[in-house]
Amino acid sequence: MAAVIVIGGGMGGMAAALLLARQGHEVRLIERRDRLGGKLAEHRRDGFTFSLGPSLLTMPQLFRDLGLRQEFVEPAELCRYRFADGSELTAHRDPERMAGAVEAFSPGQGTAWRAFHRWAEGCLRAAERTVFAGPLVRPPADARPSDLLAVAPGRTLAGLARHFFTDPRLRQYVGRYATYAGSSPYLAPAALGCIPALEHGQGGWYVPGGLPRLADELAVLLKQAGVDVVTGVGVERVLSEGERVTGVRLESGEAPAADIVVANADSAALYGHLLPHRGRLRSIARLGRSSSALLLLAGVTGRTPGLAHHSVVFSADYENEFGDIFSRSRPPLDPTVYIGCSAVDDPTQAPQGAENWVMLVNVPARDPGRWPMSAESYRDLVLERLAARGHDLAGRLRFVDLFTPADIRERYGSWGGAIYGTVTHGRLGSLRRPGNRGPRRGLYLVGGSVHPGGGLPMVTLGARIVASMVARDYPAGRTSGS
Ligand SMILES: Cc1cc2nc3c(=O)[nH]c(=O)nc-3n(C[C@H](O)[C@H](O)[C@H](O)COP(=O)(O)OP(=O)(O)OC[C@H]3O[C@@H](n4cnc5c(N)ncnc54)[C@H](O)[C@@H]3O)c2cc1C
């Protein structure tokens, strides 16, 4: 049995702590904030509850496998898309129903969607065998992309969309999945096109009471597994002797010893100051940051007829929008807006007869103080754009609170407020993320800033990968890694 310290109680840290405790290790999880969950967080005001992070749960079986038994519910539709020309497409989990919806939306494109979905499913199976399954960090020098992922007809996600669809609106719908990795469809690998196959196969789920309830139930499981959870104190240093980790030093001055340290803190923070490592930090900086988000959290009077749980209101010029985010480093002048309203399916989320709107806009991971306009002026721009595209909240807004990239950076220690650590750009972008093994024996990394990526399912897969690495490195009864 080894002594394990997990730094950070985000989804990845909690899942890793649980799996390692179940392997028989003595696990302590140290979280800087007062509550576990990391980005699984919420904001409450005047009877309204707003998710500050995830609103959509995919790959639900992963969470069942961890032992979570709470109810998951499936909204009636996966997502409602509204395009700049005013047209709407409703996405359904069932592939045949989706193909029918696409055909009705754009005659002739239903067959194209079926072909796309077949490709996406093949790509997903390939990812399950490779990227999702192990600590694959960098492809071997002689490997071709086709060895690692399904061969993609197109280098980028936008190229993939062009290959399958002639309707520019459907290309925008496919391109949107790059934002699940905080990336631009015009630079992200075509392999991200496997993500819709997850939604159309396994569905998109909601947890009654809000997704942060996942963290509450995980906290119970951690206790049952004997994990010592310490909150309200940060780790300021990972300690090592020679090539091996020996423990951590806390902000309180205490220095608990450990054979194994699992960092759920952002990898840039790990290599920047917890265990300074110039080479690894430079590699992270070379890749660049994923996008961040600006959230408008609005208490809205009245119910909106036909409002879906999840809606996306697209910009008129997607390429220009991502040019603003990644090339010009400014919030897009014509943003695509995700609208999440959990009150559609859950009356606990807003006072009776009212709605809790979370409006999310992708923005650069950069302090709003350095934007060309104030966050408040940008909020007004977003509301004006939405009004022009059919979602006019004038006269219905009780309040709009803002959650900015600076809040994301401060709360979670994310690199510049980036949601997903490094950006996933380039044909092999999915394989270039920082790895799960640290530069000292006994040091592992888990979470959205490392392999295999961000999002609740990916960080949970990352926890599985770390647990299997530890099981190999520390066979039963040994406290020193092989
Ligand atoms: C606005 C938004 C919307 C999102 N939407 C979705 C969605 O719909 N579906 C989805 O699946 N995913 C979504 N995500 C992504 C998902 O939330 C994250 O990828 C995932 O929750 C990250 O988990 P993590 O393990 O990386 O830990 P994090 O959530 O990043 O938590 C890390 C934890 O480590 C702690 N920590 C950091 N440094 C230290 C230290 N030195 N000492 C002690 N503790 C420390 C932090 O306080 C934090 O609690 C969204 C994220 C955001 C921000």
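The values are calculated or read from the model by the stated rules, or taken from the named source; none is laboratory data. This structure is a prediction, so every number in the text was calculated from the model and none was measured. Because the Cβ atoms are built from the backbone with ideal geometry, glycine has one as well, and the counts that use them run over all protein chains shown. To get the accessible areas, we keep the full protein, side chains included, count just its heavy atoms, and leave off ligands, DNA and RNA. Shrake-Rupley method; radii C 1.70, N 1.55, O 1.52, S 1.80 Å.
Which residues, counting only those in the stretch 436-449, are part of a loop (DSSP other than H, G, I, E, B) and either within 14 Å of the ligand (Cβ to nearest atom) or in contact with a strand residue (DSSP E or B) (Cβ under 7 Å, 6 or more places away or on another chain) (or both)?
To start, the set of residues in the stretch 436-449 that are part of a loop (DSSP other than H, G, I, E, B) comprises 436, 438-440, 442, 446-449.
Correct list: 436, 438, 440, 442, 446, 447, 448, 449.
One line per residue, one yes/no per condition, for (1) open to solvent by 10 Å² or more (accessible area, probe 1.4 Å); (2) of a type in the set (A, V, I, L, M); (3) assigned by TED's automatic domain parsing to the domain that holds residue 11; (4) not in a loop (DSSP other than H, G, I, E, B):
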{"site": "434", "(1), (2), (3), (4)": "yes, no, yes, no"}
{"site": "451", "(1), (2), (3), (4)": "no, no, yes, no"}
{"site": "454", "(1), (2), (3), (4)": "yes, no, yes, no"}
{"site": "458", "(1), (2), (3), (4)": "yes, yes, yes, yes"}
{"site": "464", "(1), (2), (3), (4)": "yes, no, yes, yes"}
{"site": "469", "(1), (2), (3), (4)": "no, yes, yes, yes"}
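If only one of 299, 232 is assigned by TED's automatic domain parsing to the domain that holds residue 55, surrounded by fewer than 23 Cβ atoms within 10 Å (Cβ to Cβ) and in contact (Cβ under 8 Å) with a residue 40 or more places away in the chain, which one is it? Break it down stepwise before answering.
Working: 232 fails: assigned by TED's automatic domain parsing to the domain that holds residue 55.
Exactly one residue qualifies, and that residue is 299.
If the requirement is being within 14 Å of the ligand (Cβ to nearest atom), part of a helix (DSSP H, G or I) and either open to solvent by 10 Å² or more (accessible area, probe 1.4 Å) or small (Gly, Ala, Ser) (or both), which of these qualifies: 268, 285? Working first, answer last.
On the way: 285 fails: within 14 Å of the ligand (Cβ to nearest atom).
Among 268, 285, only 268 is within 14 Å of the ligand (Cβ to nearest atom), part of a helix (DSSP H, G or I) and either open to solvent by 10 Å² or more (accessible area, probe 1.4 Å) or small (Gly, Ala, Ser) (or both).
Residue 89 - would you say it is more than 11 Å from the ligand (Cβ to nearest atom), farther than 25 Å from residue 128 by Cβ, out of contact with any Gly (no Cβ under 9 Å at 6 or more places or on another chain) and open to solvent by less than 20 Å² (accessible area, probe 1.4 Å)? Quick ask: steps written out before the conclusion?
Values: more than 11 Å from the ligand (Cβ to nearest atom): yes; farther than 25 Å from residue 128 by Cβ: yes; out of contact with any Gly (no Cβ under 9 Å at 6 or more places or on another chain): yes; open to solvent by less than 20 Å² (accessible area, probe 1.4 Å): yes.
Yes.
Among 64, 44, which is of a type outside the set (Ser, Thr, Tyr), more than 11 Å from the ligand (Cβ to nearest atom) and part of a strand (DSSP E or B)?
Details: 64 fails: part of a strand (DSSP E or B).
Just one listed residue meets the conditions, 44.
Those residues that are in contact with a Gly (Cβ under 7 Å, 6 or more places away or on another chain), more than 8 Å from the ligand (Cβ to nearest atom) and either within 17 Å of residue 265 (Cβ to Cβ) or open to solvent by less than 10 Å² (accessible area, probe 1.4 Å) (or both), I need them from the stretch 11-40; list them, please.
Passing the criteria: 29, 34.
Inspect the stretch 377-389 for any residue being within 16 Å of the ligand (Cβ to nearest atom) and open to solvent by 10 Å² or more (accessible area, probe 1.4 Å) and give the result as yes or no.
Yes, the stretch 377-389 contains a residue that is within 16 Å of the ligand (Cβ to nearest atom) and open to solvent by 10 Å² or more (accessible area, probe 1.4 Å).
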